[in-house]
Amino acid sequence: MSEFVRICGKADLPPSGEAREVSTGERVLCVANEKGSISVMDNVCPHRGGPLGQGMIEGGKLICPWHAWAFDLRTGEAAHTTMARVPVYEVKVEGEDVLVKL
Ligand code: FES
């Protein structure tokens, strides 16, 4: 059963308009901040494994740094095909903690 786990502190979040890789246990997640709205997805691009947390945010999408596939920050769907999707996780900020339902 999935439960909320702390992945980082509020102060560790990327600035608005940026994404960052966050390690939690053995996993690495992509944490993105779009105008103060935080979203969390897997860090591994389904194309060839690019590190999504090193990508850029553009128009509500996370752009993979390797070949520029674009993924919706809310749904994880690829912009160019319905065949690719990145798992997106529910996130909440409680006090100084950022929690994700894994
Ligand atoms: S590895 Fe992400 S677009 Fe190719």
- Message: Can you give me the % of accessible surface on the chain that is carbon or sulfur? Probe 1.4 Å, all protein chains present, nothing else counted.
- Response: 49 percent
- Task: Select from the stretch 42-102 those trypsin sites (Lys or Arg not before Pro) which occupy a DSSP coil region and have at most 13 other Cβ atoms within 10 Å, ordered by residue number.
- Result: Arg48, Arg74
- Item | Estimated distance in nm for a label pair at Ala68 and Lys35, the labels positioned 7 Å out from Cα along Cα-to-Cβ | 2.4 nm
- Item | Inter-site label distance for Glu18 and Glu58 at 7 Å from Cα along Cβ, in nm | 1.9 nm
- Message: Test of understanding: what is the full-extension gain from Lys10 to Asp97, defined as 0.36 nm times their sequence separation minus their Cα-Cα distance?
- Response: 30.8 nm
- If unit charges are put on Cβ atoms (+1 for Lys and Arg, -1 for Asp and Glu) and the dipole of the chain is taken about its Cα centre, the option from Ala32, Trp66, Gly95 lying farthest towards the positive end turns out to be Trp66
- Summed side-chain charge close to Asp72 - residues other than Asp72 whose Cβ falls under 10 Å, Lys, Arg +1, Asp, Glu -1: +2
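Give the average over all directions of the projected area of the C-alpha convex hull of the stretch 1-94, one decimal, in nm².
On the way: hull surface 24.4 nm².
Mean projected area for the stretch 1-94: 6.1 nm², to one decimal.
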- Report the local net charge at Glu94: Lys and Arg +1, Asp and Glu -1, summed over other residues whose C-beta lies under 11 Å from its C-beta. +1
- Item | Positive minus negative residues near Gly9 (Lys, Arg vs Asp, Glu; Cβ under 13 Å) | -1
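The values are calculated or read from the model by the stated rules, or taken from the named source; none is laboratory data. Being a predicted model, the structure only gives us computed values, none of them experimental. Ideal geometry is used to build each Cβ from the backbone, glycine not excepted, and the neighbour counts take in all protein chains shown. Only protein heavy atoms, including side chains, enter the accessible area calculation; ligands, DNA and RNA are left aside. Shrake-Rupley method; radii C 1.70, N 1.55, O 1.52, S 1.80 Å.
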